[in-house]
1. Tally time: how many residues in segment 77-104 are among the small types (Gly, Ala, Ser) and closer than 21 Å to residue 132 by Cβ?
2. Working only within segment 73-111, note down all residues that are in contact with a helix residue (DSSP H, G or I) (Cβ under 9 Å, 6 or more places away or on another chain) and among the hydrophobic types (A, V, I, L, M, F, W, C).
3. Can you pull out every residue in segment 55-67 that is touching a strand residue (DSSP E or B) at 6+ places or on another chain (Cβ under 8 Å) and surrounded by 14 or more Cβ atoms within 10 Å (Cβ to Cβ)?
4. Within segment 34-49, is there a residue that is among the basic types (Lys, Arg) and part of a loop (DSSP other than H, G, I, E, B)?
5. Could you list, in sequence order, the residues of segment 116-134 that are touching a residue at least 24 places away in the same chain (Cβ under 8 Å), in contact with a strand residue (DSSP E or B) (Cβ under 7 Å, 6 or more places away or on another chain) and not small (Gly, Ala, Ser)?
6. Condition first: of a type in the set (Gly, Ala, Ser) and either at positive phi or surrounded by 10 or more Cβ atoms within 10 Å (Cβ to Cβ) (or both). Now tell me which residues in segment 1-24 satisfy that.
7. Loosely packed, with under 11 Cβ neighbours inside 10 Å, among the acidic types (Asp, Glu) and in contact with a strand residue (DSSP E or B) (Cβ under 8 Å, 6 or more places away or on another chain): does that describe residue 137?
8. Among the strands (runs of 3 or more DSSP E) lying completely within segment 64-169, list those that include at least 1 residues that are of a type in the set (Asp, Glu).
Amino acid sequence: MPSRPMKRAFTIAELLLSLALLAILLAAIGAAVHASIHSYQENDKIATAAQTARSILYRLTKEVRTADAVDTTTSSVSIIPPDTTGVVIEYEFTGGTLYYRRIVNGSPSEHVLLGPSDAAVPTGFVVSRVDGTVTRDVGGVPTVLVCTKQVTVTLSVDAGGEAYTVTASACPRRNQDL
C-alpha cells in the first residue's frame, strides 16, 4: 500500500502559544487605548478650566480699561462704563459662585459665570487695587481726587480635582496720568 504524504499542520501547543501571544498583544493595545482616552478627557478638563478663567478675566480687564470709574472689594469689582448713564457692571464671588451683574437704572440682570455645577468650579476670586491721586480743577478750585490706578484679579478654579489659578491686571485708561 502506498504511503500517504504527511500533511503539515500546527500542533495544539503551537496554536495555544500563538493564542496566548495574541491575547497579550490585544491586552497591551487595549491598555494603551484606555490610557489615551483618559489622558484626552483630563486634558479637555484642563483646557476648559483654563479657557473659562481666561475668558472671564479678559472680559473683566477689558471693561476695567475702558471704565469711567472702578470700585473694588476683596471679592468684587464694580465698573461704571464710559458714556452711559445709570449703568453699573459688577463681578462678584459669593457662596462659591461667580456672578456677573449689569444694573441699568436700578434694574439688575444677573448671570452666573461659574458655579459649583460647572466643569470648572470657582474656588477663589481675589481682587486688589492700587489707588492714585490727581489734582484737578473743579469749579476753579484745585481738588485732590483719589482714583483707581490698577486692578488685579486672581481667579482660582478646580477642574477634575486639579486646581488652576489665573491672574490678570488692568489699568483704567482714563487714569493713566496718575
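1. Residues of segment 77-104 that are among the small types (Gly, Ala, Ser), as a first pass: 78, 86, 95-96.
In the following step, the residues that additionally are closer than 21 Å to residue 132 by Cβ were identified as 78.
Count: 1.
2. Within segment 73-111, the first condition is being in contact with a helix residue (DSSP H, G or I) (Cβ under 9 Å, 6 or more places away or on another chain), and the residues that meet it are 77, 79, 81-82, 89, 91, 98, 100.
Across segment 73-111, the qualifying residues are 77, 79, 89, 98.
3. Correct list: 56, 57, 60, 61, 63, 64, 65, 67.
4. Pass one, segment 34-49, residues among the basic types (Lys, Arg): 45.
Then keep just the ones that are part of a loop (DSSP other than H, G, I, E, B); that gives none.
Looking through segment 34-49, none of the residues is among the basic types (Lys, Arg) and part of a loop (DSSP other than H, G, I, E, B).
5. So the first thing to find is which residues in segment 116-134 are touching a residue at least 24 places away in the same chain (Cβ under 8 Å), and the list is 118-129, 132-134.
Still in the list and also in contact with a strand residue (DSSP E or B) (Cβ under 7 Å, 6 or more places away or on another chain): 119-129, 132-134.
Residues satisfying the conditions are 121, 122, 123, 125, 126, 127, 129, 133, 134.
6. Restricting attention to segment 1-24, the residues satisfying the condition of being of a type in the set (Gly, Ala, Ser) are 3, 9, 13, 18, 20, 23.
Result: 18, 20, 23.
7. Numbers: loosely packed, with under 11 Cβ neighbours inside 10 Å: yes; among the acidic types (Asp, Glu): yes; in contact with a strand residue (DSSP E or B) (Cβ under 8 Å, 6 or more places away or on another chain): yes.
Taking the combined requirement at face value, the residue satisfies it.
8. In segment 64-169, the matching strands (runs of 3 or more DSSP E) lie at 69-73, 87-94, 107-114, 121-138, 141-159.
The values are calculated or read from the model by the stated rules, or taken from the named source; none is laboratory data. Nothing here was measured: the structure is a model prediction, and the numbers come from that model. As a convention, Cβ positions derive from the backbone with ideal geometry for all residues, glycine included, and neighbour counts pool all protein chains shown.
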